[in-house]
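No lab work stands behind these numbers, since they all come straight from the coordinates. These numbers come from a predicted model, not from an experiment. Cβ sites come from the backbone with ideal geometry, for glycine too, and all protein chains shown count toward neighbours.
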Amino acid sequence: MGESHLLVDTDVLIAYLNRRSHREYLEDATRRVYYSAVTKKELLSKPGLRESERGAILTLLKRFRQIRIDSRVARTYSDLRSSHTSMAQADALIAATALARKLPLLTQNVRHFAQIEGLLLVLPKEPSPVLPKRRRMGGRRKR
């Protein structure tokens, strides 16, 4: 069986960090997993992020391959923003990365990406339960 490739959306990595969701995608040695430079920025710029959380994020990201915003991604992003003017900038950059590199996008946020023609979405199999606030990335513990 051959190796498969996919781009992961920020929400999938957050779910993995918080509760080890989506292990079948992120811990599968037959998959080559990529993430956008935007995803790294989103993960590391969370308000209230503790140093231990920052370390966990950086350790996780070392296991995967980062895709930088190059001229192909930038061109695709520009086209997407022209045709999907209400789309959030970060979502458009992640979608542009997937399209420019011809990678399926693993995401829990179908509604953010469903309208983009040519973008192949991979939907996680497991449900995404809501966590208690004290365990969310970047959240503060209540006492």
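Sort 9, 91, 70 so the one with the fewest other Cβ atoms within 10 Å of its own Cβ comes first.
70, 91, 9
Considering Cα pairs under 8 angstrom that are at least six residues apart, work out the relative contact order of the chain and quote it in whole percent.
29 percent
Which residues among segment 44-61 fall inside the zone where the amide N is under 16 Å from a point 7 Å beyond the Cα of residue 109, along Cα→Cβ?
44-47
Give me the number: length gained by fully extending residue 68 to residue 54, i.e. 0.36 nm times residue separation minus the C-alpha to C-alpha distance, one decimal in nm.
Gain on extension, residue 68 to residue 54, equals 3.0 nm.
Only loop residues by DSSP count here, and only those with at most 14 other Cβ atoms within 10 Å; note down the trypsin sites (Lys or Arg not before Pro) in segment 9-74 that meet that.
20, 50, 63, 68
Going by how many other beta carbons lie within 10 Å of each one, how would you line up 113, 64, fewest first?
Lowest to highest Cβ neighbour count: 64, 113.
I want to check a number: in the chain, how many lysine pairs have alpha carbons closer than 29 Å, given a sequence separation of 8 or more or different chains?
The number of close lysine pairs in the chain is 21.
I'm spelling it out carefully: the read-out is percent of Cα pairs over 19 Å apart, the candidates are [x] 74; [y] 58; [z] 52, and one was derived from this structure. Which label?
Label [z] holds the value from this structure.
Tell me, which longest segment in the chain has none of the GluC sites (Glu not before Pro) that fall in DSSP loops with at most 11 further Cβ atoms within 10 Å?
For GluC sites (Glu not before Pro) (loop position, at most 11 other Cβ atoms within 10 Å), the longest site-free span of the chain is 4-116.
So how much slack lies between residue 75 and residue 18, counting 0.36 nm per residue of separation and subtracting their Cα-Cα distance, in nm?
17.1 nm
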